[in-house]
Amino acid sequence: MNSTHILILIILLLFLFLSLNEIIKFIARKDKESPPPVNVRLWLIPLLSLLIIVPVAFFTVLYSLFFYTFGGMSNSLYFEQIGDGIIFSVFILIGFILFETLIHPIIIAALNYGVIRHVSVYTRNSVTILIDGIIIYFLGSTFEGVYIQDFWSALSISVLYHIIEWIFTWIHHLYKKRKTNMTL
């Protein structure tokens, strides 16, 4: 990892620490309590950050493996260094989280109220795949050290990612169904 990657990670960590500090203060004001003292926040903020950082790091490793495997199989995605893949995966994960919580509901609501009365599951999945493909292509095009062939490559990565997600969802559904059948 080069110094740019380390700087980006440090900026993200500082943003996380500062935002958690502000959230703690906001909750204290909202509950009409005094904010916790500085010595409590000194251990509380890193602890809360670990609750966020550990899953993000785990999924970053999974995404890195996924992108490296896909790039090796199809030659449509290439990373110069391993740090490029890790930083790319972190930003992909952040982009997916932001778009999944902000943009996708707005688009689905616009489709529900503007164009179609009831948006089907297939339309929702199509919108999700298309937006995720745009995220992958945009981030792949803007990062140095990450080379993506074209938009179709990003779209195929998004489709493959969602197929894997649907398989895991199906396995989880079967597990829950089997568990409820065993308890009856």
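The values are calculated or read from the model by the stated rules, or taken from the named source; none is laboratory data. Predicted model, so just to flag it, every value in this text is computed and none were measured. Don't worry about glycine lacking a Cβ; one is built from the backbone with ideal geometry, like all the others, and counts go over all protein chains shown. Calculation scope for accessible area: heavy atoms of the full protein, side chains included, ligands and nucleic acids excluded. Shrake-Rupley method; radii C 1.70, N 1.55, O 1.52, S 1.80 Å.
Please list 93, 160 in order of solvent-accessible area, largest first, computed with a 1.4 Å probe with all protein chains present.
Working: 93 15, 160 55 Å².
Greatest to least solvent exposure: 160, 93.
Which order do the peptides 174-182, 71-79, 46-54, 84-92 take when ranked by the mean count of other beta-carbon atoms within 10 Å per residue, highest first?
Details: 174-182: 9.2, 71-79: 15.7, 46-54: 12.4, 84-92: 22.7.
Descending packing order for the listed peptides: 84-92, 71-79, 46-54, 174-182.
Any idea of the accessible area per residue across the range 52-121, 1.4 Å probe, to the nearest Å²? Mind showing how you got there, number by number?
On the way: 4140 Å² over 70 residues.
Using a 1.4 Å probe on heavy atoms only, each residue of the range 52-121 averages 59 Å².
If you rank 102, 44 by how much accessible surface each has, with a 1.4 Å probe, what is the order from largest down? Don't jump to the answer; show the numbers that get you there.
Working: 102 100, 44 40 Å².
Ranking 102, 44 by accessible area, largest first, yields 102, 44.
Report the one residue of 73, 110, 46 whose Cα lies farthest in the direction of the positive end of the charge dipole of the range 1-138 (charges on C-beta: Lys and Arg +1, Asp and Glu -1; origin at the Cα centre).
Result: 110, furthest along the dipole toward the positive end.
If you roll a 1.4 angstrom probe over the protein chains with everything in place, what fraction of the accessible area of the range 78-168 belongs to carbon and sulfur, to the nearest %?
Values: 3760 of 5320 Å².
About 71 percent, which is the carbon plus sulfur part of the accessible surface.
Give me the dipole magnitude in Debye, nearest 20, for the chain about the Cα centre, with unit charges on the beta carbon: positive for Lys and Arg, negative for Asp and Glu.
Details: 11 positive and 10 negative charges, 201 e Å.
Charge dipole of the chain: 960 debye, to the nearest 20.
Rounded to the nearest 500, what is the 222 nm mean residue ellipticity of the chain from helices alone, with -39500 (n - 2.57) per DSSP H run of 4+ residues and division by all residues?
Numbers: 6 runs with 144 residues, N = 184.
-27500 deg cm²/dmol, from helical runs alone.
Tell me the net charge near residue 161. Cut-off is 14 Å between Cβ atoms, residue 161 excluded, with +1 for each Lys or Arg and -1 for each Asp or Glu. Provide the component values of the computation, followed by the final result.
Working: positive: none; negative: 100, 132, 165.
Once all neighbours under 14 Å are counted, the net charge is -3.
Which value in nm describes the separation of the simple spin-label points at residue 124 and residue 176, placed 7 Å from the Cα toward the beta carbon?
Output for this residue pair reads 1.2 nm.
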